[in-house]
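The values are calculated or read from the model by the stated rules, or taken from the named source; none is laboratory data. Predicted model only: the values in this text are computed from it and were never measured. Glycine also receives a Cβ, built like all others from the backbone with ideal geometry; neighbour counts cover every protein chain displayed. For the accessible areas, the whole protein counts, side chains as well, though only heavy atoms, and no ligand, DNA or RNA atoms are used. Shrake-Rupley method; radii C 1.70, N 1.55, O 1.52, S 1.80 Å.
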Amino acid sequence: MNPSVPSARRSNTLSSSLGLGEKLFASSDERRFAAAIEEGLEQVEAGLLAHMKFADDIADATSRYLLEAGGKRVRPVLALLTAQLGSGNNPNVVTAAQAVEITHLASLYHDDVMDEAQLRRGVPSAQNVWGNSVAILTGDLLFARASKLVAGLGKDVLMLQANTFERLCLGQLHETLGPKPGENPVDHYLQVLADKTGSLIAAAAEVGVMLSNAPEEYTVPVRDFGEKVGVAFQLIDDVIDLSGETGKTGKKAGTDLRSGVATLPLLFLRELATTDSDAADLLTRIERDVNANFYGEGDDAALDAAVTELREHSVTKKTLDEARRWGREAVAALAPLPDGPVKKALTRFAESVVERSN
C-alpha cells in the first residue's frame, strides 16, 4: 500500500473489523502497522473469491452466498494483526487467514440449519433459499476447502485446524443436547460459547504468531485472549438480544428467547427462581408465553412485556458484568506481549467488544 495513503484509510480495516478508532494510530509506526493490516486484508479478500470456486456453478453460487453478503472479517484481521508480532504478513499468513474465514463461513451454514435461522447478514439464510440439504453440503464443501488450504501450511497448522473443527462440532453438539444431569447449566453454556465461538477466534490469533516466526512464548497469550474475547462477544450478544432498540440490532427484542434459546440472562433467572418468588413468576410467564408463541397461540403483547421485564432485571446486568469479566481476562492474558501497536489494538478490541450495542 502506498505510504502516502491517509491514516484514516489505513486504519479503516481495524476500525470496521475490530471497532478501533483512527486515534489509536497516531504515530508513524502505528500508521505503518495499520497499513500492513489493510494491505493484508486486501490480499485475503481477493483470495477468498478465488478459493471459493468449485467445478460446479451451483456450488459456486451457494458457497459465495454468505461471503458476498458481507461480514467484518474479524478472524482474518486478528491473524494478520498477531503476525505483526513476528515478521508480519507473508503468503502463508494470508493463506491461513483465508482458511480461518472460510471455516467461519462454513460454520454459519451449519449453524443456521441447526437454529432454523431466517436471516443471516441481512439476507435470507442459505437453507431458506436452497433448503437444508444444500446448505449443509455447502458448509461441508467450505470446510473441505479450508482444510485443503491449511494442508500446505505444515503439520502444526493442520493440527490446529483439526482441533478447532472438532471443538466447533462438539460445541454445537453440546448446545443441541443441553447439560448432562447434575451439570451446572451456566458452566455448560459458557463452555459451549468457548467451543463454538472462542475456539476459532483463538485459532485465528494463534496462527498469525505461528506463521510469522514470532516468539513461541506469544502463542498461549494470544490463544487465551482469542477464546476469552470470543466468549465475551457472545455474552454481549445475549444482552443485545433483549434490546428494545430494534433499529440498531435489526431484530425484534428477545429474538433468541422467542426461538427457545436459553441465553445467559434466562439461565441466571432460572438459578434465581429457586429462591426468589418474583424471579420464579417472571420465569413462568416467559416460558409459558414462549411455548404458546411457538405454537402460534401466544399473546405477543404479553411476551413483549416479559422480554422488557427480563431486560431490566438484575440477571441481565449480571450477564453484562460476566461479559466484562471475560473481557478483562482477555486483556490480562496479553500481559506477556511487548508493548506496542499489536497489544494496543488487541486491548482496544476487547474493550470495544463489551461496549458495543449491535
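For the chain, the fraction of 1.4 Å probe accessible surface lying on carbon and sulfur atoms is 53 percent. Here the calculated FRET efficiency for Leu49 and Arg325, from their Cβ-Cβ distance with R0 = 41 Å, stands at 0.55, rounded to the nearest 0.05. Site pair Leu173 and Arg288 shows an inter-label distance of 3.9 nm when each label is modelled 7 Å from Cα along Cα→Cβ.
In sequence order, the range 182-189 has phi-based couplings of x, 7, 5, x, 5, 4, 4, 5 Hz under the Karplus curve 6.51 cos²θ - 1.76 cosθ + 1.60, θ = phi - 60°, and Gly or Pro positions carry x.
The aspartates and glutamates within cross-link reach of Lys344, meaning a Cα-to-Cα straight distance under 19 Å and a gap of 8 or more places when in the same chain, are Glu22, Asp29, Glu30, Glu38, Glu206, Glu217, Asp224, Glu227, Glu329, Glu355.
What shape does the range 166-254 take by its C-alpha gyration tensor, where a ≥ b ≥ c are the square roots of the eigenvalues and a/c under 1.5 counts as rounded, a/b above b/c as prolate, and the rest as oblate? Verdict is oblate for the range 166-254.
A value for Rg/Rh (Cα atoms, Kirkwood Rh) was derived from the coordinates, and within the list [x] 1.04; [y] 0.98; [z] 1.13 it appears as [y]. Taking Cα atoms, how many degrees apart are the long axis of helix 199-211 and the longest axis of the chain, rounded to 10 and kept between 0 and 90? Helix 199-211 sits roughly 10 degrees off the main axis of the chain.
Heavy atoms of the protein chains alone define the surface here; on that basis the chain has 46 Å² accessible area per residue at 1.4 Å probe size. Between Phe54 and Asp60, the built amide H atoms are under 5 Å apart, and every one of these is 5 or more places off in sequence or on another chain. Between rounded, prolate and oblate, where does the range 58-119 land on the alpha carbon gyration tensor, with a ≥ b ≥ c its root eigenvalues, rounded for a/c under 1.5, else prolate if a/b exceeds b/c? Taking the square roots of the gyration eigenvalues as a ≥ b ≥ c, the range 58-119 is prolate.
Cross-link pairs exceeding 21 Å in C-alpha to C-alpha distance, out of Lys53/Lys148; Lys228/Lys317; Lys72/Lys148; Lys196/Lys228; Lys228/Lys343; Lys72/Lys318, comprise Lys72/Lys148; Lys72/Lys318. Relative to the longest principal axis of the Cα atoms of the chain, helix 132-151 runs at roughly 30 degrees.
Potential lengthening of the chain between Arg32 and Asp281 amounts to 83.9 nm, from the contour at 0.36 nm per residue minus the alpha-carbon distance. Taking amide H atoms as placed 1.01 Å from N in the peptide plane, the amide H of Arg120 lies under 5 Å from those of Ser125, each 5 or more residues away in sequence or on another chain. Counting only alpha carbon atoms, the long axis of helix 91-115 and the longest principal axis of the chain meet at about 20°.
Remark: the chain carries a charge dipole of roughly 1120 debye about the Cα centre, counting +1 on each Lys and Arg Cβ and -1 on each Asp and Glu Cβ.
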